[in-house]
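All remarks here apply to the structure that follows.
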Amino acid sequence: MYEDLTKKVINPDHKTFLSKQEIEAAINTVLKQINLNIKFFDNLYPAPATSQGIYRKISNTEWTNGFWTGILWLAFQYTQDPKYKRIAEKNIDSFEKRISQKIAVNHHDLGFLYTTSVVSDFKITGSENARQIALKAADCLVSRFQPNGGFIQAWGDLNDNNEYRLIIDSLMNIPLLYWAEQVTRNSKYGKIADQHYQNVINTVIRDNGSTYHTYYFDKQNGRPLKGMTKQGYSDDSSWARGQAWAVYGIPLHYKYRHKQEDFKLFRGVTNYFLNRLPKDFIPYWDLIFNDGDNQPKDSSSGAIAICGIAEMLKHLPESFSNKYEYVLLLHKMLRSLIDNYANNDLKPGAPLLNHGVYSWHSGKGVDEGNIWGDYFYFEALMRFYEDWKVFW
Ligand code: GLY
């Protein structure tokens, strides 16, 4: 049984709602930090997460490289300043090389990588080059499909029995396939995305709307086997970012497929997420934790969920239960990010958003900034600023 929404905003007043001026002020701070980082990264990219508040510089080899270029495209959309477009376009060459030479693409994160950097280019400029590069990435993602089970394998070698699984994050990778289907009119992309989506939904979402991070399949008969976590606290808990990937991934599926069933699923995973928000409306890194547990927050999960809920609000019917409460909670969450998590100590290599968690178990990026948190924070601000042209 999915939960009713229990997290409420009691007596909303004028301070609940963010004004256009407040959004513009937050974006102006973001732009100042981006300008510092353009010089700092030069031809390189930020590491996935900061170390002591500053990003290391890396080449185009991580699952996260698309976000920096996506940030540049957002800056261009907001300012129309050609300098951002120029740098974003320069990065496209390295994404072309990466997919043509198959550099570190042995995983499913082609959507994160190419939607924010290259599909965005195509949607903004109409570049045929960008279209071709993003289609190569879509083909690479399709090549990871396991027909026996009907899912796109997340990580590792396709013959590795220990990696015969899908993960919840993939909900953000399949929009690349829906986009590819749209621009090529080749249904193979959409068919694979549909099968994968259905299997993700059937396995990782529990009856109460909480989620598993990953789900294994039997390699022999293709049947779903068991849910396990990699980045969450435990197999039975709900990793906050995994839950947020579902809060955003389901609306993106709806955007392409218009399936009414998605509304119910969205309500299930979103209410579970929102009901566990602590006092400041930004989750701890796993939803098992709450105030008093002395655990770090994951600000990026808050930013991702804001984008997902904002996307679904465009599609939910007026009569949908709690639609107005979702709006109030969105304002509360984004205000909290602006007031309590946005970085105001601007310096070269610093993030836009503080207090995220990359991987608690491995100790990577714990209570640090991370580049997807930065990207989704800026996307959330853009969604509040205008009727944002969706990259996904
Ligand atoms: N997709 C990997 C992560 O969310 O950390």
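No value in this document is a laboratory result; all are computed from the given coordinates. All values derive from a computational prediction rather than experimental measurement. Cβ sites come from the backbone with ideal geometry, for glycine too, and all protein chains shown count toward neighbours.
Within segment 349-360, residues that are touching a residue at least 60 places away in the same chain (Cβ under 8 Å) and within 11 Å of the ligand (Cβ to nearest atom) reach partners that are outside any strand (DSSP E or B) and of a type in the set (Phe, Trp, Tyr) with beta carbons closer than 9 Å, at six or more positions or on different chains, in the pairs 356/285; 356/341; 356/372; 357/285; 360/233; 360/285. The residue that is nearest to residue 51 (Cα to Cα), counting only those in segment 361-372 that are within 12 Å of the ligand (Cβ to nearest atom) and not in a strand (DSSP E or B), is 371.
Taking segment 48-64 as the search range and keeping residues that are closer than 18 Å to residue 105 by Cα and within 13 Å of the ligand (Cβ to nearest atom), which one is surrounded by the fewest Cβ atoms within 10 Å (Cβ to Cβ)?
Only one residue fits best here, namely 62.
Within segment 266-283, identify whether any single residue is of a type outside the set (A, V, I, L, M, F, W, C), without any contact (Cβ under 8 Å) to a residue 24 or more places away in the chain and over 20 Å from residue 8 (Cα atoms), and answer yes or no. Within segment 266-283, none of the residues are of a type outside the set (A, V, I, L, M, F, W, C), without any contact (Cβ under 8 Å) to a residue 24 or more places away in the chain and over 20 Å from residue 8 (Cα atoms). The lone criterion from (1) among the basic types (Lys, Arg); (2) surrounded by fewer than 18 Cβ atoms within 10 Å (Cβ to Cβ); (3) more than 19 Å from the chain's Cα centre (by Cα) left unmet by residue 332 is number (2). Residues in segment 140-172 that are touching a residue at least 40 places away in the same chain (Cβ under 8 Å), among the acidic types (Asp, Glu) and either more than 16 Å from the ligand (Cβ to nearest atom) or surrounded by fewer than 22 Cβ atoms within 10 Å (Cβ to Cβ) (or both): 1 in all.
Which ranges mark the helices (runs of 4 or more DSSP H) fully within segment 221-319 that have 1 or more residues being buried (at least 24 other Cβ atoms within 10 Å of the Cβ), more than 15 Å from the ligand (Cβ to nearest atom) and among the polar types (S, T, N, Q)?
Numbers: elements: 240-257, 261-275, 299-313.
Filter on segment 221-319 gives 261-275.
Looking for something within 16 Å of the ligand (Cβ to nearest atom), of a type outside the set (Gly, Ala, Ser) and either in a helix (DSSP H, G or I) or farther than 30 Å from residue 284 by Cα (or both) - is there at least one such residue anywhere in segment 209-219?
At the first step, the residues of segment 209-219 found to be within 16 Å of the ligand (Cβ to nearest atom) are 211-215.
From what is left, the residues that are of a type outside the set (Gly, Ala, Ser) are 211-215.
Then keep just the ones that are either in a helix (DSSP H, G or I) or farther than 30 Å from residue 284 by Cα (or both); that gives none.
No, segment 209-219 contains no residue that is within 16 Å of the ligand (Cβ to nearest atom), of a type outside the set (Gly, Ala, Ser) and either in a helix (DSSP H, G or I) or farther than 30 Å from residue 284 by Cα (or both).
Kindly check whether there is at least one residue in segment 101-115 that is surrounded by 23 or more Cβ atoms within 10 Å (Cβ to Cβ) and either on the phi > 0 side of the Ramachandran plot or away from the ligand (no atom under 16 Å from the Cβ) (or both). Within segment 101-115, none of the residues are surrounded by 23 or more Cβ atoms within 10 Å (Cβ to Cβ) and either on the phi > 0 side of the Ramachandran plot or away from the ligand (no atom under 16 Å from the Cβ) (or both).
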